[in-house]
Amino acid sequence: MDNLTALKNLVLAPYIMKAMRLIGVSRMVGGNQFRHQFATLGILLDYKYFNDSVLLKASLLHDLFEDINDEDIAEICHIDKDGNGVVSLILEVTKGKEELKEEYLQRLLEFGSQRAKILKCADRISNLTDLHLDTHTSGKILLYLEQTERYIIPMAQDVNQDFVKELTDLIGKRKKVC
């Protein structure tokens, strides 16, 4: 399927409706989680992942299970033919309640599927774009950048060299600011 056909056939409306539950979840950088989900989707489209409907749909809901405790997983599974794959991918990129951030990232790095690594890289690009000194201390930003270098850059090397370039550029720019 060519890119135009893939995008014409992509039905996101039911996933957007589910993602709207994140409108009330604020982000430290301002705005809300709903907009972050769209930013992540936009990054995937920018990188031309047009033919992976599961990945694109999951990007709209990737933080849903962490941020909304009562979300009905079965309901998402039944949205369409991609529902089960979308839920599986979201669960794969969801940090466990008892899991430390470093353990979670190491798990994704070692055992994550290609889709999970792609989604995590797009998510981190969105997060780095939103990382500023007016919302985070320079120490916290530097720790986040170190974490990105240790875990996310190797994921990017596994899945897309263009991610490596953008992540490295964002890290360099944020380090200069700090």
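The values are calculated or read from the model by the stated rules, or taken from the named source; none is laboratory data. Just so you know, these numbers come straight off a predicted model, no measurement behind them. Please note: Cβ atoms are built from the backbone with ideal geometry, for glycine as well, and neighbour counts cover all protein chains shown.
Among the residues of region 36-65, which ones are in contact with a Lys or Arg (Cβ under 8 Å, 6 or more places away or on another chain), within 18 Å of ILE79 (Cα to Cα) and part of a helix (DSSP H, G or I)?
Correct list: VAL54, LEU55, ALA58, LEU60, LEU61, LEU64.
Would you please list the contacts, defined by Cβ atoms under 7 Å and residues six or more apart or on different chains, that run from a residue in region 54-72 that is more than 12 Å from GLY42 (Cα to Cα) to a residue that is among the acidic types (Asp, Glu) and surrounded by fewer than 23 Cβ atoms within 10 Å (Cβ to Cβ)?
That search, which allows pairs on different chains as well, returns VAL54/ASP82; HIS62/ASP123; LEU64/GLU71; PHE65/GLU71.
Within region 23-35, can you find the residues that are in contact with an Asp or Glu (Cβ under 7 Å, 6 or more places away or on another chain) and at pLDDT 95 or above?
Scanning region 23-35 gives a single hit, GLN33.
Using beta carbons and a limit of 7 Å, which pairs, at least six apart or on different chains, have the first residue in region 88-104 and crowded, with 16+ Cβ neighbours inside 10 Å and the second one in a loop (DSSP other than H, G, I, E, B)?
ILE90/HIS62; GLU92/GLY112; GLU92/SER113; VAL93/HIS62; TYR104/LYS95; TYR104/GLY96
Can you name the condition, by its number, that ASP80 falls short on among (1) touching a residue at least 60 places away in the same chain (Cβ under 8 Å); (2) of a type outside the set (A, V, I, L, M, F, W, C); (3) assigned to a helix (DSSP H, G or I)?
Going through the list (1) touching a residue at least 60 places away in the same chain (Cβ under 8 Å); (2) of a type outside the set (A, V, I, L, M, F, W, C); (3) assigned to a helix (DSSP H, G or I), ASP80 breaks only (3).
Counting just the residues of region 107-132 that are surrounded by fewer than 17 Cβ atoms within 10 Å (Cβ to Cβ) and in contact with a Leu (Cβ under 9 Å, 6 or more places away or on another chain), which one comes out nearest to HIS62 (Cα to Cα)?
Among those residues, the one meeting the criterion is SER113.
Could you check region 117-148 and list, in sequence order, the residues that are farther than 14 Å from PHE163 by Cα and hydrophobic (A, V, I, L, M, F, W, C)?
LEU131, LEU133, ILE141, LEU142, LEU143, LEU145 - these are the residues of region 117-148 that are farther than 14 Å from PHE163 by Cα and hydrophobic (A, V, I, L, M, F, W, C).
Take ILE125 and decide whether it is farther than 23 Å from PHE65 by Cβ and among the β-branched types (Val, Ile, Thr).
no
Going through region 1-52 one residue at a time, which ones are in contact (Cβ under 8 Å) with a residue 60 or more places away in the chain and of a type in the set (Asp, Glu)?
ASP52
If THR135 meets every condition in (1) part of a helix (DSSP H, G or I); (2) surrounded by fewer than 19 Cβ atoms within 10 Å (Cβ to Cβ) apart from one, which number is that one?
For THR135, the failing item is (1).
Scan GLU102, GLU92, GLU66, GLU71 and give me the residue that is at pLDDT below 95, among the charged types (D, E, K, R) and under 23 Å from PRO154 (Cβ atoms).
So the residue among GLU102, GLU92, GLU66, GLU71 that is at pLDDT below 95, among the charged types (D, E, K, R) and under 23 Å from PRO154 (Cβ atoms) is GLU66.
Given the residues LEU109, LEU142, which is the only one that is in a helix (DSSP H, G or I), touching a Pro at 6+ places or on another chain (Cβ under 7 Å) and aliphatic (A, V, I, L, M)?
Every option except LEU109 fails the conditions.
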